[in-house]
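First the structure, in the form of structure tokens, and then the observations on it.
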Amino acid sequence: MTKIAIVQEPPVYLNLSASMERAIDLVAQAASEGARLLVFPEAWFPGYPTFCWRLSPGADMGKTDELFALLQANSVDLSRGGMTPLQEAAVEHDMVIVAGYQEIDGEVSGSTLFNSCIIIDADGTIANNHRKLMPTNPERMIWGFGDGSGLNVVETAVGRIGALLCWENYMPLARAALYAQNIDIYVAPTWDSGDTWLATMQHIAREGGCWVIGCATSLEASDIPNDIPHYDILFPNKDEWVNSGDAVVYKPFGGIAAGPMHREKGLLMTEIDVPAARASRRKFDASGHYSRPDVFTLTVDRSHKRSVSFI
């Protein structure tokens, strides 16, 4: 059995260095409780830009620009070793880490941001980096489009892991691309929560015959520093639960293994039997004996990294 942990603690909003310090403490805490895999929610470094849903694209554009500049200054640049502290923590604690973060590509534009998910193996290597294929609705004011180069399931110290971000998990072909790579642990870092999202996680566990980890940032308005620009406009209700979290783990072929952790903060811990994923596919294997390759064909273009694209 493999013990896993899901982070349901907020970052230090729009402060990358302080969020990284908090993350390192959470890695140590999870390790002290025996975890071999730790998952952070979507855009946890340095916090999901919920302002894109709360400000209008026209009248509030100046406010959005100011917040974007702060976000840009606190995003992670892999070309400059932006994840090195987390990689070192993975080595120190012999832990696999999956983390949602906001990426700035210093090697190309140095300006465009991406909603990304990194998989760091227990030896500290970056096993995969995936950029969200399609930012959702007003997210397109913040993030560029990803590509197929990171649409991979990778071998790690705890099993084969793949990840899709938030509403990418509603894209049937994106899910199929992961199923076709013999996935054991399917990670879905998100900003979504609630019954509809949980039903989606349950469906994927059944459809993919894999362990499914869903997690959003459990966040109250009071968790956000009040010196953030336009704080009172963005969060007029200081008692608001901005996101309920709802960290959850589903068993292969369905059934809750842990959670959902609703409006709580901390680490959701559980043990999973990784090989049970492959055994569960005896009944239904979406890319194996239950597939019809003579009828259906899926092609994924991983040949290049499309670094900048907006609509």
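Of note:
To keep it simple, each residue is scored yes or no on (1) closer than 20 Å to Val158 by Cα; (2) of a type in the set (D, E, K, R); (3) in a loop (DSSP other than H, G, I, E, B); (4) at pLDDT 95 or above.
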site	(1), (2), (3), (4)
Asp246	no, yes, no, yes
Gly259	no, no, no, yes
Lys283	no, yes, yes, no
Thr299	no, no, yes, no
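- Qualifying residue in region 23-34 (condition: in a strand (DSSP E or B), crowded, with 24+ Cβ neighbours inside 10 Å and not aromatic (Phe, Trp, Tyr)): no
- Residues within region 253-283 that are under 16 Å from Arg160 (Cα atoms) and among the aliphatic types (A, V, I, L, M), tallied: 5
- Residue check for Tyr186: of a type outside the set (D, E, K, R), over 20 Å from Arg278 (Cα atoms) and touching a helix residue (DSSP H, G or I) at 6+ places or on another chain (Cβ under 9 Å): no
- Among residues of region 55-70 that are in contact (Cβ under 8 Å) with a residue 40 or more places away in the chain, those with a Cβ under 8 angstrom from a residue that is buried (at least 17 other Cβ atoms within 10 Å of the Cβ) and of a type in the set (Lys, Arg), sequence gap 6+ or separate chain, pair up as Leu55/Lys63.
- Pairs are defined by a Cβ separation below 6 Å, a sequence spacing of at least 6 or placement on different chains, a first member in region 4-23 that is among the basic types (Lys, Arg) and modelled with pLDDT under 95, and a second member that is outside any helix (DSSP H, G or I) and surrounded by fewer than 24 Cβ atoms within 10 Å (Cβ to Cβ); no pair meets this definition.
- Region 262-281, residues that are under 30 Å from Val27 (Cα atoms) and either in a loop (DSSP other than H, G, I, E, B) or charged (D, E, K, R) (or both): Arg263, Glu264, Lys265, Glu271, Asp273, Val274, Pro275, Arg278
- Filter result for Glu139 (assigned to a helix (DSSP H, G or I), surrounded by fewer than 24 Cβ atoms within 10 Å (Cβ to Cβ) and among the acidic types (Asp, Glu)): yes
- Test result for Leu55, modelled with pLDDT under 95, crowded, with 20+ Cβ neighbours inside 10 Å and either out of contact with any strand residue (DSSP E or B) (no Cβ under 8 Å at 6 or more places or on another chain) or of a type in the set (Val, Ile, Thr) (or both): yes
- Residues of region 1-34 that are among the polar types (S, T, N, Q), closer than 15 Å to Gln102 by Cα and out of contact with any Pro (no Cβ under 7 Å at 6 or more places or on another chain): Ser17 alone.
- Any hit, region 125-136, residues being touching a residue at least 60 places away in the same chain (Cβ under 8 Å) and either part of a loop (DSSP other than H, G, I, E, B) or out of contact with any strand residue (DSSP E or B) (no Cβ under 8 Å at 6 or more places or on another chain) (or both): no
- Residue match in region 145-157 (condition: of a type in the set (A, V, I, L, M) and out of contact with any helix residue (DSSP H, G or I) (no Cβ under 6 Å at 6 or more places or on another chain)): yes
- Strands (runs of 3 or more DSSP E) fully within region 144-228 that include at least 3 residues being crowded, with 24+ Cβ neighbours inside 10 Å and under 14 Å from the mean Cα position of the chain (by Cα): 159-163, 185-189, 211-215.
The values are calculated or read from the model by the stated rules, or taken from the named source; none is laboratory data. Everything numeric here is computed off the predicted structure, so don't read it as measured data. All Cβ positions, even for glycine, are placed from backbone atoms using ideal geometry, and neighbour counts span all protein chains on display.
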